[in-house]
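For reference, the structure discussed in these notes is given below.
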Amino acid sequence: MPAYDFTAPRLHVAADLAEGVSLPLERAQANYLLNVLRRGPDDPVLVFNGRDGEWRAHLIQTGRKGADLRVAVQTRPQPAPADLHYLFAPLKSARLDYLAQKAVEMGAGTIRPVITRYTQGDRVNMDRLRANAVEAAEQCGILAIPDCPDPERLADVLEDLDPERLVVFCDEDAPVRDPVKALAAAADPEAPPPLAVLVGPEGGFSDEERVLIRARPNTVALSLGPRILRADTAAVAVLALVQAVLGDAR
């Protein structure tokens with residue numbers, strides 16, 4: 001894979017991408033490129049749509065405040081989507097923004113809110129969640145935008161998962177002293193199954209929910225160490241651990 005070009009701004013677009021395609025920019029995008037970044041006609045802009053890979057494009061100014069992009073050449077092909085589900089109890093908005101961004105950076109292909117007994121409110125601004133996922137992909141050179149399904153109850157989410165998918169259940173009461181060894185014992189690191197990570201709310205899971213989760217076949221319960229982590233911190237910790245042992249960071 002070619003090295004990322006971190007000098008050129010990256011934009012997510014909805015349109016299909018191919019050589020010679022002209023992309024009309026939204027006013028906010030044009031203002032960002034022309035006035036904030038001071039990009040000119042000879043300056044490259046990288047565009048992606050989550051389907052057609054990444055392409056280098058050039059600005060065509062259409063007025064004092066408007067601009068189009070002319071697509072020139074593909075810089076990277078579209079990779080296969082990541083098959084790691086991040087399942088989480090919704091948080092307050094500012095911390096939810098952080099969680100969404102970090103989950104994308106850590107390679108989650110699905111970011112799915114799960115309603116539990118102690119969830120801090122059932123309402124999730126899904127437009128904001130998806131916008132944060134797009135922004136994180138733009139900033140970090142990621143080409144696939146994660147799927148962000150609407151919130152569902154824990155029991156429904158567990159029932160919806162493929163039985164072959166290994167669920168890594170973050171449980172502070174799990175009697176696991178070595179989470180790396182526990183993960184390696186749960187699946188073959190050389191041929192790992194599809195994965196899901198489940199992190200609960202600030203109040204943890206109820207006893208009934210723990211029974212429900214543990215009753216699901218192909219589930220491993222992990223403690224993340226001797227300290228109690230905030231849910232957004234636990235997201236980064238467990239995703240890094242899973243990716244290092246069974247994921248694409250090996």
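May I ask you to list the residues in segment 191-231 that are out of contact with any strand residue (DSSP E or B) (no Cβ under 9 Å at 6 or more places or on another chain), of a type in the set (D, E, K, R) and in a helix (DSSP H, G or I)?
D207, E208, E209
Hey, any hits in segment 13-36 for a residue that's outside the structural domain of E105 (by TED's automatic domain parsing), surrounded by 15 or more Cβ atoms within 10 Å (Cβ to Cβ), touching a Phe, Trp or Tyr at 6+ places or on another chain (Cβ under 7 Å) and more than 30 Å from E164 (Cα to Cα)?
yes
Which residues, taken from segment 152-176, are in a loop (DSSP other than H, G, I, E, B) and without any contact (Cβ under 8 Å) to a residue 40 or more places away in the chain?
Across segment 152-176, the qualifying residue is only D162.
Kindly list, by first and then second residue, each pair from a residue in segment 96-123 that is over 20 Å from V168 (Cβ atoms) to a residue that is surrounded by 19 or more Cβ atoms within 10 Å (Cβ to Cβ) and small (G, A, S), limited to pairs with Cβ atoms under 6 Å and residues at least 6 apart or on different chains.
Cβ pairs passing all conditions: Q101/A136.
For every residue, the table says whether it meets (1) surrounded by 21 or more Cβ atoms within 10 Å (Cβ to Cβ); (2) in the same structural domain as A237 (by TED's automatic domain parsing); (3) in a helix (DSSP H, G or I).
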{"position": "L91", "(1), (2), (3)": "yes, yes, no"}
{"position": "I111", "(1), (2), (3)": "yes, yes, no"}
{"position": "Y118", "(1), (2), (3)": "no, yes, no"}
{"position": "R123", "(1), (2), (3)": "no, yes, no"}
{"position": "V134", "(1), (2), (3)": "no, yes, yes"}
{"position": "I142", "(1), (2), (3)": "yes, yes, no"}
{"position": "D150", "(1), (2), (3)": "no, yes, no"}
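Could you grab me the full set of residues in segment 52-78 that are of a type outside the set (V, I, T), loosely packed, with under 13 Cβ neighbours inside 10 Å and within 23 Å of I142 (Cα to Cα)?
Of everything in segment 52-78, just one residue is of a type outside the set (V, I, T), loosely packed, with under 13 Cβ neighbours inside 10 Å and within 23 Å of I142 (Cα to Cα), namely P77.
Taking strands (runs of 3 or more DSSP E) that do not extend beyond segment 1-73, which have at least 3 residues that are within 27 Å of the chain's Cα centre (by Cα)?
Where strands (runs of 3 or more DSSP E) fall fully within segment 1-73 and carry at least 3 residues being within 27 Å of the chain's Cα centre (by Cα), they are 10-12, 44-48, 54-61.
Being of a type outside the set (G, A, S) and in a helix (DSSP H, G or I) is the filter here, so list the residues in segment 177-186 that pass it.
Those that are of a type outside the set (G, A, S) and in a helix (DSSP H, G or I): P179, V180, K181, L183.
The values are calculated or read from the model by the stated rules, or taken from the named source; none is laboratory data. If you're wondering where the values come from, they're calculated on a predicted model, not measured in any experiment. Reconstructed Cβ throughout: ideal geometry from the backbone, glycine too, with neighbour counts over all protein chains shown.
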